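Peer 1: Sharing a structure here in structure tokens format.
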Amino acid sequence: MEKLISKEFLTLSKPLNEEKLILNLSKVIHNLFEKEDKLKKGIFLSHKHSDKELVYEIVKLFKKLEVDVYIDWLDDDMPKETDAETALIIRDKIKSSKKFILLATDDAINSKWCNWELGFGDAQKYFKNIAILPVTNTNNGLWTGNEYFKIYPAITIGKDNNELFVEFLGEKEKFIDWLNKS
């Protein structure tokens, strides 16, 4: 893999990183628009709710690409309290989305819900329509306790920070191409 996507690239945790974040996202988006038509594809984004700020930034990126992204806590049909209905709605949204992406932060890899969603996504999408977006500074891709994450394609950034890729078993394809595949 080229490299894990770092929190420095995606988060607003430090005010000094905000400019770099916006600059890098702008480069990626500009590069994608220069080469491809806008997309209209649905993504189920599995994530830990504690990563809300990071989720907002990722959703902004996908919205600029005109990609619909499902975020459970933005769904008015979700119950106020988590219950079995929550799982049924999530299950239906995973089934109806074209792609499944797990935002694999340190918190998310320890989440029961994220792991359940990944397992269900695996059954519905497997490797052609599922990917891990590794955003962490601590695990260096080891996924201790969650080594099975390595069986999935991973979204990475190219060496020049201008392009996103999906990598799996030594093969690399442009993120845009992956989104367009069924």
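Peer 1: From the list 25, 39, 61, which one is at pLDDT below 85, farther than 17 Å from residue 132 by Cα and either in a helix (DSSP H, G or I) or out of contact with any helix residue (DSSP H, G or I) (no Cβ under 6 Å at 6 or more places or on another chain) (or both)?
Peer 2: None of the other options fit; the residue is 25.
Peer 1: Here is a check on your reading of the model: is residue 80 part of a loop (DSSP other than H, G, I, E, B) and open to solvent by 70 Å² or more (accessible area, probe 1.4 Å)?
Peer 2: Taking the combined requirement at face value, the residue satisfies it.
Peer 1: Kindly indicate whether residue 3 is open to solvent by 20 Å² or more (accessible area, probe 1.4 Å), modelled with pLDDT of 55 or more, of a type in the set (Lys, Arg) and over 28 Å from residue 124 (Cβ atoms).
Peer 2: Answer is no for this residue.
Peer 1: Further question: Write out, first by first residue and then by second, each pair whose Cβ atoms fall under 7 Å of each other, whose residues are 6+ apart or on separate chains, and whose first residue, in segment 160-171, is more than 16 Å from residue 65 (Cα to Cα) while the second is crowded, with 17+ Cβ neighbours inside 10 Å and among the hydroxyl-bearing types (Ser, Thr, Tyr).
Peer 2: 167/156
Peer 1: Determine, yes or no, whether residue 138 is open to solvent by 60 Å² or more (accessible area, probe 1.4 Å), among the polar types (S, T, N, Q) and at pLDDT below 90.
Peer 2: Yes, satisfied.
Peer 1: Could you list, in sequence order, all residues of segment 149-171 that are open to solvent by 90 Å² or more (accessible area, probe 1.4 Å) and either at pLDDT 80 or above or in a strand (DSSP E or B) (or both)?
Peer 2: 150, 169, 171
The values are calculated or read from the model by the stated rules, or taken from the named source; none is laboratory data. Computed from a predicted model, the values in this text were never measured in an experiment. Cβ sites come from the backbone with ideal geometry, for glycine too, and all protein chains shown count toward neighbours. In case anyone asks, the SASA skips ligands and DNA or RNA and just uses the protein heavy atoms, side chains included. Shrake-Rupley method; radii C 1.70, N 1.55, O 1.52, S 1.80 Å.
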